[in-house]
Amino acid sequence: MKTKGENTMHGQMMTLPLIVSSLLEHAERYHGDTEIVSRTVEGTLHRYTYAQAHRRARKAANALAKLGVRPGDRVGTLAWNGYRHFELYYAISGMGAITHTINPRLFPEQISWIVNDAEDGVVCFDLSFASLVESIAAQCPSVKYWVAMTSREHMPGADIPNLLCYEDLLDRESADFAWPRLDENSAAALCYTSGTTGNPKGVLYSHRSTLLHALSSSLPDALSLSARDVVAPVVPMFHVNAWGLPYSAPLVGAKLVFPGAALDGESVFELFEREGVTFSAGVPTVWLSVLQYMQKNGVTLSSVKRMVVGGAACPPALMKSYENEFGIKIQHAWGMTEMSPVGTVNTLKESQLRLDEEQRFAIEVKQGRPPFGIDLKIVDDEGNPLPRDGKASGALLVRGHWVLEQYYRRDESPLVDGWFPTGDVATLDQDGFMQITDRAKDVIKSGGEWISSIELENIAMGHPAVAEAAAVGMAHPKWDERPLLVVVKKAGQAVSREEILGQYPGKVAKFCIPDDVMFVDEIPHTATGKVSKLQLREQLRGYRWPTADVSPA
């Protein structure tokens, strides 16, 4: 009797593991003289090559091994986009440990919770975050060493236990390090998403998923990267690994330009012009700042051909201003931490190029279509598939080679019949273009950062004079959305806007604090007694912020 699979004939091809270290090895071998340029937090412009980066990454791997880092250990980073952070991406993952990028914009208590949940044994940080590290170090018992990513002459004077100097560590080590041939399914990187209620959830990427994401996202119909590009990741390396650009740029041999902490319009413009940047990616607030700088000073980005916007929907007016005034194409992209993150990129098909300008723009404002490796579908409330007609709107589900199957240290899987529910509501058209129409969980997105509406509501309800509260994200000219708190007072009680907002400092990160409070007699509810955010937004349609200069920074 034949057993199942007995007649299967295997191919006779080499089987090489898809591992992160192979990207930097490739970049050195075939693009070794290509530059990596970084604006540092110390105020200098650092310039070296892929070959030099690979050499220093191997020295960093030796240094981490001397500190006791072993395969599977988590090494945290609190850092901006720069060459040292880039080296650590490869040193940590390449040696078999796990690169854990931490968002420094979170509230300190959230950061220490994340460090403890990950059980980071070593945390490397930029000088910008020395005071932050000093404030949380005592609450992070798993961290054996804190490494300041700087040279000896710039070491911070903060009171941080077991503080080490990054450049000192590298100076002591040899570049003689052979990257291990890892199992491609072993963990390479860890990111936490705060777009949920409660504590953040960890997403653990494998070497395989990271490599496949880099390959597919580099394709012409996705980010369209090549060795002829100069790539500037403005999206932070602590935001889903800068959307994978530190991996995809070495894959194709593109020059890399890291902006560091200077993300204002003038600084970004000056760096892009000096280095001849052709491609960049970031949230809408950065591109708005650059646009305003160019309009005010009568200058243009002479080398930039394309910008990708993600993290929040790009205002159509911003897209039109860039293209009509400066000839720069802005492309929508969409994804999630759970998707590594690229899920869709808006690239028109050949047939759509023949449409008139208005018809093309109606497509370009959508979030785009998936590259190979990602599949999308929308379903109704009962889980039944909805038609891809561009009109039916339903819950968006995804699956693919770089989509989460299970959260870090969580036993239960969020998948529904093998699909990941994104929490977004969307439409899909016959060409695969997806458009987000709502957020199922009403999470507010401000300047690329998630803000939990439930958390804001719970704090407001803690005031004795508040009967009910609802937090909604309202359109903002600079930050895409900012939280507005709608409050119903208890009968006979008096409370001011300032008293309500005064409850938030110390409980949430500064950028999460609502920008305004509106007092109403009642908040609309659904038939089941839940607050109807849909009806509330309709009622607030004419709302205008007291000032357009409100900043969540």
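Listing for the model above:
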read-out: Three-way shape call for region 73-148 based on the alpha-carbon gyration tensor, with the a/c threshold at 1.5; value: oblate
read-out: Gain upon complete extension [residue 46, residue 142; 0.36 nm per residue less C-alpha separation]; value: 31.3 nm
read-out: Paramagnetic label zone (point 7 Å from Cα along Cα-to-C-beta, residue 540; backbone N under 14 Å) in region 457-491; value: 457-458, 460, 469-477, 480-488
read-out: Proximal charge balance of residue 417 [Cβ under 14 Å; K/R count +1, D/E count -1]; value: -1
read-out: Region 444-539: antiparallel DSSP beta bridges as a percent of all, rounded to 5; value: 75 percent
read-out: Extended-chain gain in nm, criterion 0.36 nm per residue less alpha-carbon gap, residue 465 and residue 361; value: 32.6 nm
read-out: Label-point separation, residue 406 to residue 520 (7 Å along Cα→Cβ), nm; value: 4.2 nm
read-out: Charged-residue dipole, Cβ positions (Lys, Arg, Asp, Glu), the chain about Cα centre, Debye nearest 20; value: 620 debye
read-out: Listed pairs 255/349; 391/445; 296/445; 59/201 exceeding 30 Å between Cα atoms; value: 59/201
read-out: Neighbourhood net charge (15 Å Cβ-Cβ; Lys/Arg +1, Asp/Glu -1) for residue 132; value: -3
read-out: Overall form of the chain per C-alpha gyration tensor (a/c, 1.5; a/b vs b/c); value: rounded
read-out: Order of 480, 229 - criterion: other Cβ atoms within 10 Å of each residue's Cβ, fewest first; value: 229, 480
read-out: Reachable aspartates and glutamates from residue 320, criterion Cα separation under 12 angstrom, eight or more residues apart if same chain; value: 357, 358, 364
read-out: Over the chain: helical MRE at 222 nm, DSSP H runs n ≥ 4 each giving -39500 (n - 2.57), nearest 500; value: -8000 deg cm²/dmol
read-out: Net charge of Cβ neighbours under 14 Å - reference residue 354; Lys, Arg +1; Asp, Glu -1; value: -3
read-out: Among the listed pairs 366/490; 66/510; 305/510; 478/533, those beyond 32 Å (Cα-Cα); value: 366/490; 66/510; 305/510
read-out: Residue 219-residue 176 pseudo-label distance in nm [points 7 Å out on the Cα-to-Cβ vector]; value: 4.4 nm
read-out: Antiparallel bridges, percent of DSSP beta bridges restricted to the chain (to nearest 5); value: 55 percent
read-out: Shape call, region 444-539: gyration tensor on alpha carbons, a/c limit 1.5; value: oblate
read-out: Partners for residue 507 among aspartates and glutamates (Cα-Cα distance below 12 Å; same-chain residues under 8 apart left out); value: 109, 455
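Bear in mind that the values in this text are calculations on the coordinates, not laboratory data. Just so it is clear, the structure is predicted and the values come from calculations on it, not from any experiment. For neighbour counting, all protein chains shown are included, and Cβ atoms are generated from backbone atoms with ideal geometry for every residue, glycine included.
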